[in-house]
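The values are calculated or read from the model by the stated rules, or taken from the named source; none is laboratory data. Keep in mind that this is a model prediction, so the values were computed, not measured. Here the Cβ positions follow ideal geometry from the backbone for every residue, glycine too, while neighbour counts run over all protein chains shown. Keep in mind that these areas ignore ligands, DNA and RNA; they rest on the heavy atoms of the full protein, side chains included. Shrake-Rupley method; radii C 1.70, N 1.55, O 1.52, S 1.80 Å.
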Amino acid sequence: QVQLVESGGGLVQPGGSLRLSCAASGSIFSINAMGWYRQAPGKQRELVAAISRGGSTNYTDSVKGRFTISRDNVKNTVYLQMNSLKPEDTAVYYCNGEVTVVGPFRYLEVWGQGTLVTVSS
């Protein structure tokens, strides 16, 4: 099967930066779109940023100009650079990938386990 493993979360002061990573492993043929979602306490999970295999990106309005999503297709890894962090960015951040797997070929939507980002002084 396929696993997505996030890393890079933690506690940061307002105005600080963090870089999240998400590495995919398993019987992967290819990965199409990848994205980062977040869920704050008491709120629904929301899309933060997404990136196509070709590198096209989109962001939710609240993070435009502060967050940057990127990917390494060789390493099957997606990143989220988060700058100028605000307390309202506090949430569990989840990685998501649209993965084609082998043995047999099939399409899966895969989620990571989440990593906590806390922005607080």
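A few points about this structure:
- Furthest towards positive pole of dipole, Val12, Ala91, Gly65, structure part the chain, Cβ charges: Gly65
- Solvent-accessible surface of protein heavy atoms, probed at 1.4 angstrom with all chains present, puts Arg71, Arg38 in the order Arg71, Arg38, largest first.
- In the context of the full set of protein chains, the chain has a per residue accessible area of 52 Å² (1.4 Å probe).
- 27 Å Cα-Cα reach of Lys43 towards lysines, excluding residues that sit fewer than 8 places from it in its own chain: Lys64, Lys86
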